[in-house]
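The values are calculated or read from the model by the stated rules, or taken from the named source; none is laboratory data. For clarity, every value in this text was computed on a predicted model and none was experimentally measured. FYI the Cβ positions are ideal-geometry reconstructions off the backbone, even for glycines, and counts take in every protein chain you see. Calculation scope for accessible area: heavy atoms of the full protein, side chains included, ligands and nucleic acids excluded. Shrake-Rupley method; radii C 1.70, N 1.55, O 1.52, S 1.80 Å.
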Amino acid sequence: MDYQITGHTKLTGLLGSPVAHSISPLMHNESFRHLGLDYVYLCFDVGEENLKTAVEGLKTLGVRGFNCTMPDKTRMCELADRLSPAARMIGAVNTVVNDDGILTGHNTDGVGYMMALKEAGVDVIGKKMTLLGAGGASSAIAVQAALDGVAEIRIFNRKTRSWARGEHLVEEINRNTDCKASLYDLEDLSMLKASLDSSQILTNGTSVGMEPHPEGCLIPDASMLHEGLVVSDIIYNPRETRLMELGREAGCRVLNGLYLLLFQGAEAFRIWTGCEMPVDVIKEKYFR
Ligand code: ATR
């Protein structure tokens with residue numbers, strides 16, 4: 001279809017550093033074109049030190065909205081005029097919508113994860129989850145899983161910098177949702193094994209196993225896993241992580257992080273345009 005940028009074209013985009021490698025401009029621009037929506041999506045390399053000025057500029061220019069990625073997600077929480085309940089509980093924003101000069105911060109990572117599970121036909125509502133990590137991505141997953149009705153989440157993290165974040169996360173979930181959340185030391189392998197034995201899903205929300213260190217894996221061997229467990233990784237590079245290999249060895253259903261990436265974008269797209277992203281088109285073109 002013929003497409004022209006006009007005086008009416010609405011701007012969306014991505015703030016972060018680095019951003020040039022991002023797949024987001026491809027999926028959003030393709031979706032705008034496919035639906036005939038007069039929007040464009042661009043990438044802006046903006047670190048934390050310039051975020052405030054950049055956000056004020058975007059507000060002044062009247063952009064429709066933008067995504068935030070590393071290292072801007074936490075700082076964006078303080079710069080938004082309003083926060084969605086999930087973004088407030090997570091303490092990080094990855095999507096901002098501008099309604100007549102009011103910037104509302106959302107976090108679509110957790111929604112994206114839950115949509116990805118649904119797409120794969122995995123039902124975790126009322127069930128138990130073991131989650132590795134208490135950083136930004138894990139927090140988004142835990143909060144949304146709890147809001148959506150996962151019955152219990154056991155979070156395992158090292159007793160390092162993100163331990164305090166994990167404690168805060170567990171408190172927030174227990175105070176604001178019906179889900180029972182708890183935090184354990186990742187080094188306590190007998191507790192981890194016990195948690196996995198009674199869980200329906202294991203989620204790796206850390207970067208362990210990602211390129212350039214694909215040999216990394218927080219689960220020592222396949223004997224920790226059982227056949228009924230869904231093993232899910234937020235990593236998509238490589239497409240098959242060491243954790244997923246162990247899952248296969250144990251006879252588990254395994255999922256990588258590709259659809260999380262797709263559906264967090266689809267949710268941002270819906271927030272900005274009010275339209276559903278044509279996910280089948282995008283999947284076919286960029287997620288094969
Ligand atoms: P993101 O926003 O991508 O989630 P993050 O907020 O820095 O990134 O969180 C990364 C998570 O992966 C944290 O839970 C982190 O734990 P630490 O604070 O202990 O590092 C976890 N993580 C990263 N490398 C790890 C490793 N080698 N072993 C265990 N956990 C690790």
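Couple of notes before you dig in:
- Scan of region 216-237 for residues that are within 12 Å of the ligand (Cβ to nearest atom) and over 16 Å from TYR259 (Cα atoms), ordered by number: GLY216, CYS217, LEU218, ILE219
- Within region 165-174, the set of residues being open to solvent by less than 10 Å² (accessible area, probe 1.4 Å) and more than 13 Å from the ligand (Cβ to nearest atom) comprises just one member, ILE173.
- Test: residue in region 31-42 that is closer than 25 Å to SER139 by Cβ and crowded, with 17+ Cβ neighbours inside 10 Å: no
- Per-region count, region 126-164, residues β-branched (Val, Ile, Thr) and away from the ligand (no atom under 15 Å from the Cβ): 1
- Region 43-56, residues that are over 22 Å from PHE263 (Cβ atoms) and open to solvent by 30 Å² or more (accessible area, probe 1.4 Å): PHE44, ASP45, GLU48, GLU49, ASN50, LYS52, THR53, GLU56
- Contact map, region 153-166: first residue farther than 22 Å from ARG88 by Cβ, second residue more than 8 Å from the ligand (Cβ to nearest atom) and assigned to a helix (DSSP H, G or I), Cβ cut-off under 7 Å, separation 6 or more or different chains; pairs are ARG154/SER195; PHE156/LEU192.
- Residue tally, condition under 20 Å from the mean Cα position of the chain (by Cα) and buried (at least 16 other Cβ atoms within 10 Å of the Cβ), over region 1-21: 7
- Check on ALA134, touching a Leu at 6+ places or on another chain (Cβ under 7 Å) and of a type in the set (A, V, I, L, M, F, W, C): yes
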